[in-house]
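The values are calculated or read from the model by the stated rules, or taken from the named source; none is laboratory data. No experiment lies behind these values; they were computed from the predicted model shown. Note that each Cβ is placed from the backbone with ideal geometry, even for glycine, and that neighbours are counted across all protein chains shown.
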């Protein structure tokens, strides 16, 4: 798969932890405790720069420098130095340890707010906004970006102000608001031009080049951005990324190759490994287009893949092996192509698993911080209430009794409200986990679908090469292979939410029962009565996944008797009834342990449905699922 490098607009999403903390300006960063500690301030800035330089290529070394900065800050015994050190620690843990990074940025912000350290506040607000973007909480991210803009304006930190507008442009573009996005980029460009800030000026100009209708004018703006970025050292990553973008848009493989080679050279100079890997990947496709697949293979094996392995970047490795597959196809080596496609799938699964794990840990950290803040606020309120009660008891006994009653009522109300908030938090966490699961299923479905055709082609060739001699046997083998291939495609379709959204719930469940009947030793009876009301895509997906989980368990455990499933609509209620003659189970033991059963109840809650399970050992299993499709109807619990 050819990598089109991300436009320079998005560099801040990948580099926000380091670039926004690097080399604070003299307007915003005061020297700790006066001129006598200038050397100490320089040491902190040095550790800041080194941590940013190694945060991706050598995470352990980056953490080592960050810890030295923290140790130095404790020695200085100043709040400004300590908050700066926590910012540096956040940078060191930003790559693949987002929960730890969030902890340190929050510590830095807390100290800065308490002691009014404005330059730390603007950067901490900015970094925390990026954390919430990573956690898909755009609303909170917008609040923190607005705070960063306000703080930057107050201290006239125009570099950070331009960064914040660039990031707002990225966010608006992700939300589909291209007009507002362009306004944000224009603001970033205007501020950087007015204050002669070359790095932010080049980034904003490269971002605005995306809105040019003509490729010639877009390329001209990118080249201008490169010249601006070259005015000062340290912008190698941005320059290399722009060169990658220009090469990707150039239809001439020879010209594109020159841009990629220049991007590689600059990326190596700036120790920008990920940009360098992307450039190697694109360069490989240029050699494929030039009819030199052996040259493309050399660059991947000798440079790109070892670099990605050293970074343990499974996402890049998946793309590289996918490219290697295309190279093998161009070379006529289909066996090697299949092996490389298999490796690409393995790397993709690892990358998705790592991302999911990192996001779950980050969400857990965010939830934990919110809960701690809530507990602290409640404790502070309780202490003040007790003091007030003591005072009122001493002077006004009658009034104190009234206040006591009111306090008890208010306390109970707060407990109930906190319980509701906690339940909402659990539901939101469950939604995010299920979204991650659905995205993973979609990616696996896409990879499974893409592998089906090469598998079918290779197996057909192998059957023909085997020269069985018996035409009937050979025909049966080919027929069985065709049926199996089609079944794999159907399975991949039913794993993909995009496919699920194209069919009705009745069509989906009919297909599911048909597929599972082949794997079941008992009869499956599926009755779908006429349905008048239409379900939303979200309701269709969740109901289908719930039935899919129930039926899959049935095929696994029901060995005799029958399985019955019916779907109907009654009085504005969508009703699913399931019953089998299987072995049943102890609901109290399985309910808290079975992830599949827990998912059924969580999905029901997410669409305001009611799921009821009735089972016991030796008595089979029953499920009743009811969804109100008429808003005026309510489920009685």
*Residue in the stretch 263-284 that is farthest from the chain's Cα centre (by Cα), counting only those that are at pLDDT below 90 and surrounded by fewer than 23 Cβ atoms within 10 Å (Cβ to Cβ)*: 269
*Could you list, in sequence order, all residues of the stretch 272-312 that are out of contact with any helix residue (DSSP H, G or I) (no Cβ under 7 Å at 6 or more places or on another chain) and not in a helix (DSSP H, G or I)?*
291, 292, 312
_Residue selected from the stretch 231-255 under the condition within 31 Å of the chain's Cα centre (by Cα), part of a helix (DSSP H, G or I) and free of Cβ contacts under 8 Å to residues at least 40 places away in the same chain, by the criterion surrounded by the fewest Cβ atoms within 10 Å (Cβ to Cβ)_ = 249
*Filter result for residue 380 (under 25 Å from residue 596 (Cα atoms) and at pLDDT below 75)*: no
*Can you tell me which residues in the stretch 531-573 are part of a strand (DSSP E or B) and either in contact (Cβ under 8 Å) with a residue 60 or more places away in the chain or surrounded by fewer than 18 Cβ atoms within 10 Å (Cβ to Cβ) (or both)?*
562, 564, 566, 567, 568, 569, 570, 573
_With the requirement that a residue be closer than 21 Å to residue 303 by Cβ and surrounded by fewer than 18 Cβ atoms within 10 Å (Cβ to Cβ), what does the stretch 330-342 give you?_
331, 333, 336, 339
*Would you check if residue 128 is closer than 23 Å to residue 103 by Cα and either assigned to a helix (DSSP H, G or I) or assigned by TED's automatic domain parsing to the domain that holds residue 80 (or both)?*
yes
*Any idea which of (1) modelled with pLDDT under 70; (2) more than 30 Å from residue 313 (Cα to Cα) is the one residue 394 doesn't satisfy?*
(1)
*Yes or no: residue 301 modelled with pLDDT of 85 or more and assigned by TED's automatic domain parsing to the domain that holds residue 272?*
yes
_Test: residue in the stretch 545-554 that is over 15 Å from residue 621 (Cβ atoms) and assigned by TED's automatic domain parsing to the domain that holds residue 617_ = yes
_Could you tell me how many of the residues in the stretch 171-230 are closer than 22 Å to residue 246 by Cβ, in contact (Cβ under 8 Å) with a residue 24 or more places away in the chain and not in a helix (DSSP H, G or I)?_
0
